[in-house]
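Working notes, structure below.
The values are calculated or read from the model by the stated rules, or taken from the named source; none is laboratory data. Just so it is clear, the structure is predicted and the values come from calculations on it, not from any experiment. With ideal geometry, Cβ positions are generated from the backbone for all residues, glycine too; neighbour counts draw on all protein chains shown. In case anyone asks, the SASA skips ligands and DNA or RNA and just uses the protein heavy atoms, side chains included. Shrake-Rupley method; radii C 1.70, N 1.55, O 1.52, S 1.80 Å.
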Amino acid sequence: MSVPFRIRSWSETWSRAQSRGFGWVSIVLILAGFLALLTTNGLSIWASNALTEQYLAVQHSRDVRRALDLTERSIVDAVAAERGFLLVGSANYRQAEAEARHEIMVYFGEVRALLLDDPELLRRLDDTRPLIDESMGITQQVVRDMEAGRFNQALAVLRSSRSTQVLSELEARFDAIDHILMGRLDEGRRAAERARQINLWFSSLASVLIVLVAALAIFQFSRSFQAIRQAHSELDEANRDLERRVDERTQELDVAPAEVEGSRERAEAMLREVNHRGA
């Protein structure tokens, strides 16, 4: 007959677990391992996000620096073309100066678009726009004077050295933006490295805890297996003892009828002897 299912109380369940060697230490280790796994997963996601953000920051900074460099190079090209036109008067230099001025606005627009979400650097970039306009104004003035035949006036503008001052100021401001970008990249690298180290430490800790939990599980299984083997041994011993007692009792039962028959025969003999003497 099957044993009916019964829901055990918490105290009974806990007592049975303790009897099998499962106590508070086991619970603490299991919970610690579980929490370590959750923490490690969370830290892995965090570290992955940090590395992704760092990668995106590097890409963004690279794009900004490239556009800044192209803007500065185009300004230098425009000034060089303007001076070439002043010295040679070739239409090729005039065309190169016009193309360089167009490229300045294109690359400057790229930098500005990349910095729309960065108010600090956007403000610094916008502060360079008057200097760019001034530099291009000087260049165009020299070109117009040359086209109008005012060579001495164009040369006077060139000798004023204002163009060189503007270029130096623009270079310094672009370098300041680049310096800020590099500082942010360094800070991002350090943050990503910290995230990687923290993730590594917690992963190692989680591995240790998992090993402890696995060792505990093996230990508990070994104890349960030994208990089962001992129970089987005791059961086998009890069965053998029972079989021995049954055999002894069976032998006793087999001998009993013969003894009863002998006792009956002796009693009958004694009765016949008494009757004979009385007669």
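In the list Ala98, Ala78, which residue meets the criterion of being more than 51 Å from the chain's Cα centre (by Cα), outside any loop (DSSP other than H, G, I, E, B) and surrounded by 12 or more Cβ atoms within 10 Å (Cβ to Cβ)?
Numbers: Ala78 fails: more than 51 Å from the chain's Cα centre (by Cα).
One residue alone meets the criteria, Ala98.
Would you please name the residue that is farthest from the chain's Cα centre (by Cα), looking only at residues in the stretch 218-245 that are modelled with pLDDT under 75 and aliphatic (A, V, I, L, M)?
Checked the stretch 218-245; the qualifying residue farthest from the chain's Cα centre (by Cα) is Ala231.
Kindly check whether there is at least one residue in the stretch 46-66 that is in contact with a His (Cβ under 8 Å, 6 or more places away or on another chain) and either over 19 Å from Ala172 (Cβ atoms) or not in a helix (DSSP H, G or I) (or both). Reasoning before the result, please.
Residues of the stretch 46-66 that are in contact with a His (Cβ under 8 Å, 6 or more places away or on another chain), as a first pass: none.
Taking every residue of the stretch 46-66 in turn, none turns out to be in contact with a His (Cβ under 8 Å, 6 or more places away or on another chain) and either over 19 Å from Ala172 (Cβ atoms) or not in a helix (DSSP H, G or I) (or both).
Among (1) among the aliphatic types (A, V, I, L, M); (2) modelled with pLDDT of 90 or more; (3) in contact with a Gly (Cβ under 8 Å, 6 or more places away or on another chain), where does Leu122 come up short?
All conditions pass for Leu122, except number (3).
Check the stretch 142-159 and report whether any residue there is at pLDDT 85 or above, assigned to a helix (DSSP H, G or I) and over 15 Å from Leu68 (Cβ atoms).
no
Residue by residue through the stretch 101-114, note down the ones that are without any contact (Cβ under 8 Å) to a residue 24 or more places away in the chain and open to solvent by 70 Å² or more (accessible area, probe 1.4 Å).
His102, Met105, Arg112
Can you find, within the stretch 178-189, the residue that is nearest to Ser135 (Cα to Cα) among those that are under 26 Å from the mean Cα position of the chain (by Cα) and open to solvent by less than 40 Å² (accessible area, probe 1.4 Å)?
The extreme case among them is Gly183.
Quick test for you: out of Asp117, Asp145, Asp126, Asp175, pick the one residue that is surrounded by fewer than 16 Cβ atoms within 10 Å (Cβ to Cβ), in contact (Cβ under 8 Å) with a residue 12 or more places away in the chain and at negative phi. Quick ask: steps written out before the conclusion?
On the way: Asp117 fails: in contact (Cβ under 8 Å) with a residue 12 or more places away in the chain; Asp145 fails: surrounded by fewer than 16 Cβ atoms within 10 Å (Cβ to Cβ); Asp175 fails: in contact (Cβ under 8 Å) with a residue 12 or more places away in the chain.
Selected residue: Asp126, the only one of Asp117, Asp145, Asp126, Asp175 that is surrounded by fewer than 16 Cβ atoms within 10 Å (Cβ to Cβ), in contact (Cβ under 8 Å) with a residue 12 or more places away in the chain and at negative phi.
From the list Ser203, Ser168, pick out the single residue that is modelled with pLDDT under 80, open to solvent by 30 Å² or more (accessible area, probe 1.4 Å) and among the hydroxyl-bearing types (Ser, Thr, Tyr).
Ser203
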